[in-house]
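Asker: One structure is given below, represented as structure tokens, and several questions about it will come after.
The values are calculated or read from the model by the stated rules, or taken from the named source; none is laboratory data. Since we're looking at a predicted model, the values are computed, not measured. Reconstructed Cβ throughout: ideal geometry from the backbone, glycine too, with neighbour counts over all protein chains shown.
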Amino acid sequence: MLRTARFASERRPPCFVVRGERHSEQNCGTIPCLQRSDAWFEDTVIPALQSSMPVIVRGMQADEARRFLEIHHESVRGLAATDYPTNVIEAWAAPITDERLQRFLQNGDDEIRLIAEVDGELVGIGALVIANSELRACYVSPTAARRGVGTALVAEIERLARDHGLRELHLESSVTAEPFYAVLGYDIEKRGEHMIAHGVPMAAITMRKSL
Ligand SMILES: CC(C)(COP(=O)(O)OP(=O)(O)OC[C@H]1O[C@@H](n2cnc3c(N)ncnc32)[C@H](O)[C@@H]1OP(=O)(O)O)[C@@H](O)C(=O)NCCC(=O)NCCS
């Protein structure tokens with residue numbers, strides 16, 4: 001079933017699709033939150049983005065976990081590397097080992113994980129932690145940047161957040177992503193540092209948005 005939602009910006013032609021999926025018990029172990037609401041099993045078409053190719057946003061499947069981490073890796077190294085010193089980039093986009101993959105799959109923070117797909121290629125990732133009202137991640141592969149993929153991911157994260165009864169979202173933005181979140185209506189709360197792997201601090205901006 002397709003559901004149409006209004007999207008704030010009118011400056012671009014229609015074009016992204018947010019697709020809910022039915023998940024087996026096995027998959028729900030990795031993306032547990034996808035079990036929580038029947039509303040998630042509807043497909044959503046949201047008009048108003050710039051690419052002529054639709055962006056599909058859906059729940060990550062367990063066998064896509066490595067690709068999820070690869071997109072994160074590509075995005076940090078391809079889009080954020082000029083904004084941070086090398087030691088931060090190395091810690092932020094560490095090598096994807098089997099151990100790291102296993103830890104990611106355990107999903108200790110109960111992240112809802114999303115994948116964005118354009119023309120059959122997986123090009124973006126998102127994550128939401130309901131318990132913290134936290135937009136945890138939004139990363140786009142450099143090859144797909146500035147085509148509305150990030151916007152599509154955030155729109156779906158916000159929809160899921162609202163579906164779970166959240167009234168606001170918080171996030172720790174990178175310096176790279178600050179203008180992106182600002183355009184999407186997130187306000188700056190404070191500038192500071194965010195601790196990443198091995199105690200490496202990175203410049204970060206705490207932002208929030210009322211939903
Ligand atoms: C931030 C990020 C997710 C944006 O994804 P994207 O798919 O390129 O973003 P969109 O195409 O949806 O951009 C929407 C709008 O945000 C703004 N925007 C996006 N990237 C921007 C940038 N680098 N500089 C200035 N404005 C930017 C623009 O207004 C853009 O609209 P426009 O292209 O019509 O000008 C992507 O650049 C990324 O993955 N960055 C590296 C990883 C990172 O720092 N992620 C955030 C972790 S907190």
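Asker: Look through segment 176-197, keep the residues that are within 8 Å of the ligand (Cβ to nearest atom) and in contact with a Lys or Arg (Cβ under 9 Å, 6 or more places away or on another chain), and return whichever of them is farthest from ASN87 (Cα to Cα).
Answerer: LEU184
Asker: Here is a follow-up. Where residues in segment 163-176 are in contact (Cβ under 8 Å) with a residue 40 or more places away in the chain and over 18 Å from ASP110 (Cβ atoms), which of them is surrounded by the most Cβ atoms within 10 Å (Cβ to Cβ)?
Answerer: SER174
Asker: Scanning for something over 16 Å from HIS72 (Cβ atoms) and near the ligand (Cβ under 8 Å from one of its atoms), does segment 138-146 turn up at least one residue?
Answerer: Checked against the condition, which is being over 16 Å from HIS72 (Cβ atoms) and near the ligand (Cβ under 8 Å from one of its atoms), segment 138-146 yields at least one hit.
Asker: Suppose the filter is touching a Ser or Thr at 6+ places or on another chain (Cβ under 6 Å) and crowded, with 22+ Cβ neighbours inside 10 Å; does GLY148 pass it?
Answerer: So GLY148 fits the description; yes.
Asker: Among the residues of segment 132-150, write down those that are part of a helix (DSSP H, G or I) and among the β-branched types (Val, Ile, Thr).
Answerer: Selection gives THR143, VAL149.
Asker: Oh, and also: Look through LEU128, LEU160, LEU153, LEU122 and report the one residue that is touching a residue at least 24 places away in the same chain (Cβ under 8 Å), assigned to a helix (DSSP H, G or I), under 22 Å from GLU64 (Cβ atoms) and more than 10 Å from the ligand (Cβ to nearest atom).
Answerer: LEU160
Asker: With respect to GLY126, is the statement that it is at positive phi and at pLDDT 95 or above true?
Answerer: Taking the combined requirement at face value, the residue does not satisfy it.
Asker: Another question, then. Which ranges mark the strands (runs of 3 or more DSSP E) fully within segment 166-211 that have 3 or more residues being over 16 Å from the mean Cα position of the chain (by Cα)?
Answerer: In segment 166-211, the matching strands (runs of 3 or more DSSP E) lie at 187-196, 200-210.
Asker: Being among the aliphatic types (A, V, I, L, M), at pLDDT below 95 and either in a helix (DSSP H, G or I) or surrounded by 17 or more Cβ atoms within 10 Å (Cβ to Cβ) (or both) narrows it down to one of ALA80, ALA39, ALA65, so name that one.
Answerer: Being among the aliphatic types (A, V, I, L, M), at pLDDT below 95 and either in a helix (DSSP H, G or I) or surrounded by 17 or more Cβ atoms within 10 Å (Cβ to Cβ) (or both) holds for just one of ALA80, ALA39, ALA65, which is ALA39.
Asker: Please go through segment 98-126 and pick out each residue that is small (Gly, Ala, Ser) and surrounded by fewer than 22 Cβ atoms within 10 Å (Cβ to Cβ).
Answerer: Answer for segment 98-126, where residues must be small (Gly, Ala, Ser) and surrounded by fewer than 22 Cβ atoms within 10 Å (Cβ to Cβ): GLY108, GLY120.
Asker: Can we say LEU105 is more than 13 Å from the ligand (Cβ to nearest atom), part of a helix (DSSP H, G or I) and touching a Gly at 6+ places or on another chain (Cβ under 9 Å)?
Answerer: yes
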